[in-house]
Amino acid sequence: MTVLLVAHGTRHLAGVRTVRELADGVAARLGQPVAVAYADVRGPTIAEALARLPGPVTLVPAFLASGYHVRVDIPAQVAAAGRAGDVTVAPALGADPALLPALVDRLAEAGVQDDDAVLLAAAGSSDPGARAEAHAMARWLGRLLRRSVPVAWAATAEPAVAEEVARLRGEGAARVAVAGWLLAPGLFADRLVAAGADVVAAPLGAHPAVTTTLTSRLRVGVGPLVGPLPC
């Protein structure tokens, strides 16, 4: 089996390095090389990567939400490359409590305090299912931290992160911490930093919880590791 990890794509060099680190982390767990391609913004594209990879190929989307790119764009690019017959697309990361250690560790590294108001900031999507996944993670994180964790967005959806930071301050929060529901540095991560919070956690990156969860998506018969989203 050849493994191809597909990320969104970014012009941010630190984001590119993070994607390579994710692929290397999965490769270490599998004991075999993992190729990288991008769904947008930069190359190699999925078609370019598939043109030089032997089949069969298992493609794993390194996406925290199962939005348009995962549901429509990636399968369409695989089909357009003429490889639909020998390429299996694994589930995306999506909402998964196995990723909570990464969120918690990134908050701790950024200096979150016990009495901070915490919000979860995601990239943003017009897809209701993708937004529901972010809200699911916020509920799981809130249960773990024993406080309410609202959701805000870096783009597309509302409320914007800066608006939610201001709202929490207006309601009396002395400090506001942002848990970034992002995989890699880039435009969206920069927007979180500029939103005026006291603490901004780094993207999840190649945290062991992320690379382990990505690897689990490749196992035969394994779909998303969560059942119904929490209420």
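The values are calculated or read from the model by the stated rules, or taken from the named source; none is laboratory data. Small disclaimer: the values here were computed from a predicted structure and weren't measured. Quick reminder, even Gly has a Cβ in these numbers, built from the backbone with ideal geometry, and neighbours come from all protein chains shown. For the accessible areas, the whole protein counts, side chains as well, though only heavy atoms, and no ligand, DNA or RNA atoms are used. Shrake-Rupley method; radii C 1.70, N 1.55, O 1.52, S 1.80 Å.
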With label points set 7 Å from each Cα along the Cα-to-Cβ direction at V41 and Q113, the distance between them in nm comes to 3.4
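I need the calculated FRET efficiency for the pair A132 and R167, taking r as the beta carbon distance and R₀ as 30 Å, to the nearest 0.05.
Working: r = 21 Å, r/R0 = 0.71.
That gives a FRET efficiency of 0.90.
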Calculating Rg/Rh (Cα atoms, Kirkwood Rh) from this structure picks out, from (1) 1.07; (2) 1.03; (3) 0.98, entry (3)
15 Å reach of a label modelled at R29, 7 Å along Cα-to-Cβ, counting backbone N of region 192-211: 204-211
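Counting residues in region 9-90 as N, plug N into 2.2 N^0.38 Å and put the Cα Rg over that result. Before the final figure, lay out the partial values.
Working: Rg = 12.4 Å, N = 82, 2.2 N^0.38 = 11.7 Å.
Ratio of Cα Rg to 2.2 N^0.38 Å: 1.06.
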Using modelled amide H (1.01 Å from N, peptide plane; none on Pro or chain starts), what sits under 5 Å from the amide H of V87, excluding residues fewer than 5 places away? V57
Amide hydrogen neighbours beyond the local backbone of V36, cut-off 5 Å, H modeled: L5
Taking springs between alpha-carbon atoms closer than 10 angstrom, which of G124, G82, G25 fluctuates most in the Gaussian network model of the chain? G82
Any idea how far the Cα center of region 27-81 sits from the one of region 113-176, in Å? 30
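Test of the criteria: in region 95-190, which GluC sites (Glu not before Pro) are in a DSSP loop and have at most 11 other Cβ atoms within 10 angstrom of their Cβ?
Working: sites: E109, E133, E163, E164, E171; in loops: E171.
Filter output for region 95-190: E171.
Considering only protein heavy atoms and a probe of 1.4 Å, how much of the accessible area of the chain is carbon and sulfur, as a whole percent? Could the numbers behind the result be given before it?
On the way: 5730 of 10200 Å².
With neighbouring chains kept in place, the figure for the chain is 56 percent.
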Counting only residues 5 or more apart in sequence or on a different chain, those whose built amide H sits under 5 Å from that of F63 are L93, G94
When only C-alpha pairs under 8 Å and at least 6 residues apart count, what is the relative contact order of region 71-207, in percent? 28
